[in-house]
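K.L.:
Have a look at the structure that comes next, please.
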Amino acid sequence: MTNTGETTLFDITVTEDATIFTGTATLPTPVYQSGGSDEDGEGDDFDLVSGDSMIFTADYTVTQDDINSGQVDNQAAASGDDIGGNAIEDTASDDGDDTDGNTEDDITETPIDQTRALEITKTSSYDAVTGIITYTYEVENTGNVTLFDVLELLAAQMHNN
């Protein structure tokens with residue numbers, strides 16, 4: 001975040017908007033990394049003079065439900081106070097990804113690659129006493145997306161091969 005105004009801002013925070021977050025695990029919490037300065041003498045670097053920047057980061061570990069949905073959306077906001085104690089806030093832009101004609105305050109959409117893959121291995125054993133051949137089919141989901149109706153998928157795959 002960069003202070004694009006003309007005055008110093010104090011006590012900068014960054015938060016994620018829980019109402020927009022589509023992940024299925026815990027909402028990420030932005031953590032201060034670098035930048036800023038201690039302009040108010042409080043012993044922290046959470047103040048920004050005009051033109052300076054601060055870096056916050058947050059990690060989020062995707063869940064299987066997130067992979068299945070193919071995307072996680074979120075939105076962050078930065079806030080601080082001016083010298084008069086007035087709150088100043090800005091909602092994050094989308095890094096200039098101009099997919100909708102608007103580069104301001106767009107929700108951050110993070111696509112998650114989905115791989116749908118299925119592998120079947122067939123083995124057999126012959127019992128000479130009974131004269132019976134037993135076939136064993138091992139089916140493995142080798143992709144990263146939960147598969148449903150596997151019998152139908154197998155039938156389609158066997159038909160295509």
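The values are calculated or read from the model by the stated rules, or taken from the named source; none is laboratory data. All values derive from a computational prediction rather than experimental measurement. Here the Cβ is made from the backbone with ideal geometry for all residues, glycine too, and neighbour counts use every protein chain on show. Just so you know, the surface numbers come from the protein's heavy atoms only, side chains and all, with ligands and any DNA or RNA stripped out. Shrake-Rupley method; radii C 1.70, N 1.55, O 1.52, S 1.80 Å.
K.L.:
Of the conditions (1) under 19 Å from Thr110 (Cβ atoms); (2) assigned to a loop (DSSP other than H, G, I, E, B), Thr15 fails just one. Which one is it?
P.N.:
The number of the failed condition is (2).
K.L.:
Please specify each residue of segment 52-72 satisfying the condition of being assigned to a loop (DSSP other than H, G, I, E, B), open to solvent by less than 50 Å² (accessible area, probe 1.4 Å) and either of a type in the set (Phe, Trp, Tyr) or closer than 30 Å to Asp38 by Cβ (or both).
P.N.:
Ala58
K.L.:
For segment 20-37, which positions are assigned to a loop (DSSP other than H, G, I, E, B), modelled with pLDDT of 95 or more and either touching a Gly at 6+ places or on another chain (Cβ under 6 Å) or open to solvent by 40 Å² or more (accessible area, probe 1.4 Å) (or both)?
P.N.:
Matches in segment 20-37: Thr22, Thr24, Ala25, Thr26, Leu27, Thr29.
K.L.:
Name the pairs: first residue in segment 131-143 and hydroxyl-bearing (Ser, Thr, Tyr), second residue at pLDDT 95 or above, Cβ to Cβ under 6 Å, at least 6 apart or on different chains?
P.N.:
Matching pairs, first to second residue: Thr134/Ser125; Tyr135/Ser124; Thr136/Thr123.
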